[in-house]
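Report on one structure; see the data block that follows.
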Amino acid sequence: IITLSDLECDYINARSCCSKLNKWVVPEVIGHAVVTVLMLISLHWFIFLLNLPVATWNIYRYIMVPSGNMGVFDPTEIHNRGQLKSHMKEAMIKLGFHLLCFFMYLYRSVSKIAPK
């Protein structure tokens, strides 16, 4: 979010912004897919079903990068087609999702440890 807002305010150029963001796309896809599979294996159905759409979206977004682009975030297209606003909205939604998941995982781990 900070890198995208820096690009929006012209504090950094599009090429360096996109290279910073593209560096984290593959680890995000792998990490989220691993968490989703682990929730399936451990039979936590609610958390699995909560994570499945986000993991699917991350994989879809990574697979559908047009050939010739630098990655999911492309410096030539980020300003031209108004992608900056959609990337900002997606980052805010993911931030909210990850905060929700953090507190759910925290509650689950504390409720397992705490005596009844």
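The values are calculated or read from the model by the stated rules, or taken from the named source; none is laboratory data. Worth saying up front: this structure is predicted, and the values here are computed from it rather than measured. So basically every Cβ, Gly included, is an ideal-geometry build from the backbone, and we count neighbours across all protein chains shown. Note: areas computed on protein heavy atoms with side chains; ligands, DNA, RNA excluded. Shrake-Rupley method; radii C 1.70, N 1.55, O 1.52, S 1.80 Å.
Some values worked out for this structure:
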| read-out | value |
| --- | --- |
| Relative contact order, percent, the chain [alpha-carbon distance under 8 Å, six or more residues apart] | 31 percent |
| For segment 68-102 versus segment 1-61, the gap between their alpha-carbon centres in whole angstrom | 9 Å |
| Overall Cα dimensions of segment 1-79 - principal axes, largest extent first, Å | 46, 27, 16 |
| Charged-residue dipole, Cβ positions (Lys, Arg, Asp, Glu), the chain about Cα centre, Debye nearest 20 | 440 debye |
| Residue-normalised accessible area of the chain, given per residue in Å² at a 1.4 Å probe | 69 Å² |
| Heavy-atom accessible area order for THR76, THR3, largest first, 1.4 Å probe | THR76, THR3 |
| Accessible surface of segment 1-115, 1.4 Å probe, proportion on carbon and sulfur as whole % | 72 percent |
| Helical contribution to [θ] at 222 nm, DSSP H n ≥ 4, -39,500 (n - 2.57), averaged over the chain, rounded to 500 | -24000 deg cm²/dmol |
| Cα lying deepest toward the dipole's positive end in segment 33-116, options HIS44, ASN69, TYR107, charges on Cβ | TYR107 |
| Simple label model, 7 Å out from Cα along Cβ direction - ASN69 to SER16, nm | 2.4 nm |
| Cα-based reach from LYS85 at 16 Å (exclusive), listing aspartates and glutamates while leaving out same-chain residues under 8 positions away | ASP6, GLU8, ASP10, ASP74, GLU77 |
| Kyte-Doolittle mean at least 1.6, axial Cα span of 15 Å or more - DSSP H helices of the chain | 25-41 |
